[in-house]
Amino acid sequence: MDDLDRELGPHGPVEDYNDFSDDNVSKGGTNLKRPNVNPAMCKETPRETGFHRSTRICLEQIREAVLHHKWQEAAEYMACYPQLLEDTCLPPAQQNKELLWRISTNILHHHPNSTMEDYNNIYERMKHSGVRHHLMICLEHSFHLLLHGQNEDAKWQLSSAESWRHGKESAAQHQRAELISAYRSLLDYVIWCDKRFSNSDNYFDSDNQGMHDHFRQASLNLKEILKKPGVWDPFILSYVDMLELYDDHEEALKVLNDYAYNNNFPPNPNAHVYLYQYLKRHDASEKNLMRVLKVLHVLVPSHELMLDYSALLLNSENKTDIQKALGIILDMLDFTCWRTNMDVWKCLKTVIQRLEIQEDWENVVCEKMALREDWWPALHFTSFHASKDLEENPELWKVKASLAKILCPKQALKYTADRVTNGKRT
């Protein structure tokens, strides 16, 4: 039952949530976060009033209906349960509001006849039920609208939340306000994209003033947001996309370099991928491309762009670059995800052929394989691998067989055709 027993099981007091959105709903392509219904809330308490008893029994019925996926029954009970918001006597008021928010959206999400109006009604009611979750509810509401293609309405929700203030701003509120601002800017980019493709004949026509307005709004905010340390991948890509269209390559390159190399930001392989892709699109020198991929190799030696790195090193006439290329490809093959990849093995064969021109090539190979000789044969060169490769990809088997003795000259390998008959081990 989708782990509902676990999710609806006992929990401690419900604190302010950072996990806020519809980003887990299945109906719109995501999965909705399950409500945390503590069974203790369904138990009778001393001195409870008739009202409290009614809401407790109602919650118990809702819980049972949700656990058994009886969404119509749950919705009928839920229509009565919001009366709990009117009770000021219960101490865990915030917990009740959080609970009502989560259960309501969960039921609407699964109910076959739920409408956008139903969602809008519950979101608006919950926004005005208290201040603690106001910003997160606004953000979740905007995500839901975005999933249904209502981009302008989603932006309006975030713009309203951006200007919302209540009392002295806490550190948590400030962080959420920044998040709201970030997503509002991202929506400006989404709307900008819509206008961009609907007016693709001439981006700079005077009729496209609305598009330029969205560009200015989005770029100003994104530029400020990206100064704050963090992982901002979708925001970076959006900002760079806009800058590229307006030919502001200097600013785009500055943003990407800061994102990749600023020590205040957490290590992020994607930052180097984005920088490499941008440089490659704009015909940067091989030296600059290799500088970026060198850092990416340190962070993720199994990354698919290491094939590009090896190819760039092979283009060099420098003797040590060919040796580096050998190390790069061997690092990739240390990971099982590349074990049967034809491109990687072909690249390794090319590197070996280039190395064989050098006088000390055998020593270079032995040095690179020194720490691998104990486990590489079991990873790549067993009789099982020979049988499987010969059956599924004879060309791969041929390439690997030609490299086996070069890479592991001291090993008695079983990766040979002599031990395979009709694709089966003998």
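Taking the alpha-carbon set of segment 230-344, what are its Rg and Dmax in Å?
15.2, 43
If you put +1 on each Lys and Arg Cβ and -1 on each Asp and Glu Cβ, how big is the dipole of segment 326-395 around its Cα centre, in Debye rounded to 20?
Rounded to the nearest 20 debye, it is 180 debye.
Quick one: how many Å² of Arg132 are accessible to a 1.4 Å probe, rounded to 10?
Probe radius 1.4 Å; accessible area of Arg132 about 90 Å².
To the nearest 10 square angstrom, what accessible area does Glu64 show with a 1.4 Å probe?
Accessible surface of Glu64 is approximately 80 Å².
Apply the Karplus curve 6.51 cos²θ - 1.76 cosθ + 1.60, θ = phi - 60°, to the phi angles in segment 263-272 and return the couplings in whole Hz, x for Gly and Pro.
Rounded to whole hertz, the list is 5, 6, 8, x, x, 9, x, 4, 4, 6.
How long is segment 293-392 along each principal axis, judged by its Cα atoms, biggest number first, in Å?
Projected onto its principal axes, the Cα set of segment 293-392 covers 38, 30, 24 Å.
Taking segment 167-296, how much of its Cα-Cα pair set, in percent, is spaced more than 23 angstrom apart?
More than 23 Å apart: 40 percent of the Cα pairs in segment 167-296.
Calculate the all-directions average of the projected area of segment 351-422's alpha-carbon convex hull, and give it in nm².
Mean orientational projected area (segment 351-422, Cα hull): 5.0 nm².
Considering only protein heavy atoms, with the full assembly of protein chains and a 1.4 angstrom probe, order Trp376, Trp156 by accessible area, largest first.
Trp156, Trp376
How would Ser302, Ser285 line up by accessible area, probe 1.4 Å, largest first?
So, going from the largest accessible area down, we get Ser285, Ser302.
The values are calculated or read from the model by the stated rules, or taken from the named source; none is laboratory data. Just so it is clear, the model here is predicted, and its values are computed rather than measured. Positions of Cβ are backbone-derived with ideal geometry, glycine not excepted, and every protein chain shown enters the neighbour counts. In case anyone asks, the SASA skips ligands and DNA or RNA and just uses the protein heavy atoms, side chains included. Shrake-Rupley method; radii C 1.70, N 1.55, O 1.52, S 1.80 Å.
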